[in-house]
Amino acid sequence: MKTRDIRVKDISIKELINSKKISYEHVGKILWWDDRDGFGIVKDAYGNEYYFDSSVVQPKNIKQIKRNAIITFEINSSIKDCLCANQIRVPQAAERKKAESRFVKENTKASAQRN
């Protein structure tokens with residue numbers, strides 16, 4: 001798994017998150033989910049893949065976790081060897097449309113940067 005190091009005024013977002021000075025809510029899509037074992041992978045718009053398990057999913061959202069569902073999450077910076085998602089939430093109704101459009105915008109932007 002690769003991460004992109006985005007720099008903002010000579011400080012990377014990765015460094016800011018690791019220093020716990022900011023908390024940024026990401027938008028992603030469930031790439032894979034194992035209902036029986038309770039773990040899966042979410043992919044953000046930039047192509048980064050994050051592991052997660054059912055303990056980081058809000059209890060009311062656990063039944064809504066399924067493949068291709070749009071979710072919001074934060075990066076778990078306490079685990080160093082693997083990209084892990086934390087505080088996974090499935091947006092409801094109006095929030096879902098905003099999250100989907102944000103995912104599409106970020107995905108389009110990431111595609112343009114790659115080309």
Row for the stretch 32-115, column shape: gyration tensor on C-alpha, a ≥ b ≥ c, rounded if a/c < 1.5 i.e. under 1.5, prolate if a/b over b/c, else oblate; value oblate
Counting other beta carbons within 10 Å of each residue's own, what order do GLU100, GLU49 fall into, fewest first? GLU100, GLU49
Qualifying trypsin sites (Lys or Arg not before Pro) in the stretch 53-83, DSSP loop, other Cβ atoms within 10 Å at most 13: LYS66, ARG67, LYS80
Residues whose modelled amide H sits under 5 Å from the amide H of TYR46, counting only those 5 or more places away in sequence or on another chain, are none
So what are the ³J(HN,Hα) numbers for the stretch 73-84, from phi and the Karplus equation (6.51, -1.76, 1.60; θ = phi - 60°), rounded to whole Hz, Gly and Pro as x? 7, 10, 8, 7, 8, 7, 9, 8, 8, 8, 7, 10
Once you keep just the Cα pairs under 8 angstrom separated by 6 or more residues, what percentage relative contact order results for the stretch 24-114? 30 percent
Considering amide H positions built from the backbone, and no H for Pro or chain starts, which residues 5 or more places from SER77, or on another chain, come under 5 Å of its amide H? none
Beyond 20 Å between alpha-carbons counts as too far, so tell me which of LYS60/LYS109; LYS43/LYS97; LYS43/LYS66; LYS29/LYS80 fall in that bin. LYS60/LYS109; LYS29/LYS80
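No lab work stands behind these numbers, since they all come straight from the coordinates. Values in this document were obtained by computation on a predicted structure and should not be read as measured data. Counting neighbours? That spans all protein chains shown, and the Cβs are built from the backbone with ideal geometry, glycine included.
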